[in-house]
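Worksheet for the structure shown next.
The values are calculated or read from the model by the stated rules, or taken from the named source; none is laboratory data. Note that the structure is a prediction, hence the values are computed from the model and not measured. Here the Cβ positions follow ideal geometry from the backbone for every residue, glycine too, while neighbour counts run over all protein chains shown. Protein only, heavy atoms only, side chains kept; ligands, DNA and RNA dropped before computing areas. Shrake-Rupley method; radii C 1.70, N 1.55, O 1.52, S 1.80 Å.
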Amino acid sequence: MFDSDDNPLLFLLLLALAAWGAWRFLSQRESPEERARRLAEEAKQKRELEEEREKFTGQSVPPDILRAMRDFRSGHFVGEDRSPLAYVGYRVGKTNGLAAWDRRRRLQVCFGIEIPNDLPSKYQGWGRPATWQRFNSIRQHLSMLADMRRHRRNYEHAVADWEEDESWLISEFGELARRFAKHGYAR
């Protein structure tokens, strides 16, 4: 195929390129010690993240939110949407809405609890507590609520609440949800 007598310069160039490729491949391989250190560090990070997630999901639910959950389950719920947000007593708007700090507390609880099986089936895909799926489902739900009512009369305050809460959720839990997803807590 190729004879070194045909073009010695081309042969030397190909030989140098092959040597460079082999050197680059071998120099990028990690040693057994480096691999062991990397794996130990990854295991440590995963343990720390699991502890952080367990601490987050193990938080006790405040009594007023527990009361809202009991009322919801006993049929005392008034509203059109039987969503996980409604389950924790999340409400917006001028008339019956909650203060921002209270709404956000309820969003945090919704992010960290199990969703009951008796909610409509469309909410069963919201994922496990403190996962990327749960975070994204809450975020999309807030966005959908705002979009559906954006052009309705007398919903300006509610839409503003949903938009502010979605922004807060992203800034408060976005990075945490990404870290959880990176270590196996995506759904």
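Checking every residue in the stretch 62-70 against the condition of being free of Cβ contacts under 8 Å to residues at least 12 places away in the same chain and of a type in the set (Asp, Glu) gives zero matches. No other residue among GLY112, GLY127, GLY97, GLY75 is touching a residue at least 40 places away in the same chain (Cβ under 8 Å) and more than 23 Å from the chain's Cα centre (by Cα) apart from GLY97. Being part of a helix (DSSP H, G or I), surrounded by 15 or more Cβ atoms within 10 Å (Cβ to Cβ) and over 17 Å from the mean Cα position of the chain (by Cα) holds for only one residue in ARG91, ARG103, and it is ARG103. Of everything listed in (1) surrounded by 14 or more Cβ atoms within 10 Å (Cβ to Cβ); (2) of a type outside the set (S, T, N, Q); (3) within 30 Å of LYS182 (Cβ to Cβ), the single unmet condition for LYS46 is (1).
Search the stretch 135-148 for residues that are among the charged types (D, E, K, R) and pair each with any residue that is open to solvent by less than 10 Å² (accessible area, probe 1.4 Å) when their beta-carbon atoms are under 6 Å apart and the residues are at least 6 apart or on different chains. Note: pairs meeting the criteria are ARG139/LEU169.
Among the conditions (1) free of Cβ contacts under 8 Å to residues at least 40 places away in the same chain; (2) open to solvent by less than 40 Å² (accessible area, probe 1.4 Å), HIS151 misses just one, which is (2). Apart from one condition, ILE170 fits all of (1) modelled with pLDDT of 95 or more; (2) within 14 Å of the chain's Cα centre (by Cα); (3) under 30 Å from ALA43 (Cα atoms); (4) surrounded by 18 or more Cβ atoms within 10 Å (Cβ to Cβ); the exception is (4). Do we find that GLU54 is modelled with pLDDT of 85 or more and not hydrophobic (A, V, I, L, M, F, W, C) in this structure? When the stated conditions are applied, GLU54 passes them.
Within the stretch 124-145, restricting attention to residues that are of a type in the set (Gly, Ala, Ser) and at pLDDT below 95, which residue is most open to solvent (accessible area, probe 1.4 Å)?
Per the stated criteria, the residue is GLY125.
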